[in-house]
Amino acid sequence: MAYHHILTEFKQGLGTITLNRPPVNVLNIAMMEEINDALKGWLGKKDLKVVLFNAKGKCFSAGVDVGEHMGDLAPKMITAFHLMFRLMDKLGIPTVSSVYSSCLGGGCELAVFSDLVIAGEGAKFGQPEIQVGVFPPIAAHIMPRIMGRKAAMDLILSGRIISAAEALQMGLINKVVKDQDLEKETESFLKPYLGLSAEVLRQTKKAIAAGLHDDLEASLVPIEEIYLGKLMKTHDAQEGLKAFLEKRKPVWKDE
């Protein structure tokens, strides 16, 4: 199927979703719905072994469309955004992100929610949402699990941007390679998984999750309730988002 904002391919056990919304792959609702449609199409595909997220353009992704956080669009945006992760979880097979340049906000969440991440040395990771008055729900779920509570608190509460080298040191990603070698290195990185049984991969991933007692729904539902039911009703969340769109400094009221 032809999409406007992504490219897809399935070949020899590898399903690839390429972010392709120039110039910086900002994730809007339409793009998320395309990703969700592609993921839904692969549900139950017995020979699917790995899903790879990569990108075209200036960077992996600069994040979610801030304008779609506003007003009546916010619940629709969160529903479409979180469905990507629910479908990634439901597929039950390893997911991989190949990242270069900016990987921020919702783009960072998409990358680090993946089971495995390979990045070019020039990649930058971060969750700057708090600086515009909101927080990253998926990062709140996954980051403490993969890098520990204190490191996750640091990144999410500060909104600071880190290098690929620091992300590797913190356990946020798996491998850093030269930027010019990322495509070739990604192929090599994927090769061992593509030589394995799809069903054994599924059962092994399920066992790892069970060992961690890592139930996405039990964690994500209360996070969503805080985001939509509490945070988005505050003055400061609305002020931060408006200030970002108006390219000005927010005026916080702490309420």
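For the reader, a short list of remarks on this structure follows.
- Only residues that are in contact (Cβ under 8 Å) with a residue 40 or more places away in the chain and of a type in the set (D, E, K, R) were counted across segment 218-238, and they come to 2.
- Odd one out for F125 among (1) of a type outside the set (D, E, K, R); (2) out of contact with any His (no Cβ under 9 Å at 6 or more places or on another chain); (3) farther than 21 Å from L19 by Cα; (4) in contact (Cβ under 8 Å) with a residue 24 or more places away in the chain: (3)
- Count - residues of segment 220-246 that are in a helix (DSSP H, G or I) and of a type in the set (S, T, N, Q): 1
- Residues satisfying the stated conditions in segment 101-111, i.e. within 24 Å of E187 (Cα to Cα) and crowded, with 24+ Cβ neighbours inside 10 Å: C103, L104, G107, C108, E109, L110, A111
- Tally, over segment 209-219, of residues that are surrounded by 11 or more Cβ atoms within 10 Å (Cβ to Cβ) and either modelled with pLDDT of 90 or more or not in a helix (DSSP H, G or I) (or both): 2
- For segment 190-208, the candidate set comprises residues that are surrounded by 14 or more Cβ atoms within 10 Å (Cβ to Cβ) and among the basic types (K, R); within that set, the residue that is farthest from the chain's Cα centre (by Cα) is R202.
- Residue that is farthest from A111 (Cα to Cα) [pool: residues in segment 42-59 that are small (G, A, S) and surrounded by 14 or more Cβ atoms within 10 Å (Cβ to Cβ)]: G57
- Taking first residues from segment 195-216 that are touching a residue at least 24 places away in the same chain (Cβ under 8 Å) and within 22 Å of P137 (Cα to Cα) and partners that are aromatic (F, W, Y) and in a helix (DSSP H, G or I), the Cβ contacts under 9 Å between residues at least 6 apart in sequence or on separate chains come to L216/F85.
- Meeting the requirement of 2 or more residues that are modelled with pLDDT of 95 or more and surrounded by 22 or more Cβ atoms within 10 Å (Cβ to Cβ), the strands (runs of 3 or more DSSP E) wholly within segment 123-182 are 124-126.
- Exclusive hit being acidic (D, E) and within 27 Å of A123 (Cβ to Cβ), set E224, E166: E166
The values are calculated or read from the model by the stated rules, or taken from the named source; none is laboratory data. What you see is a predicted model, and the numbers here were worked out from it, not measured in a lab. Virtual Cβ from ideal backbone geometry, glycine too; neighbours counted across all protein chains shown.
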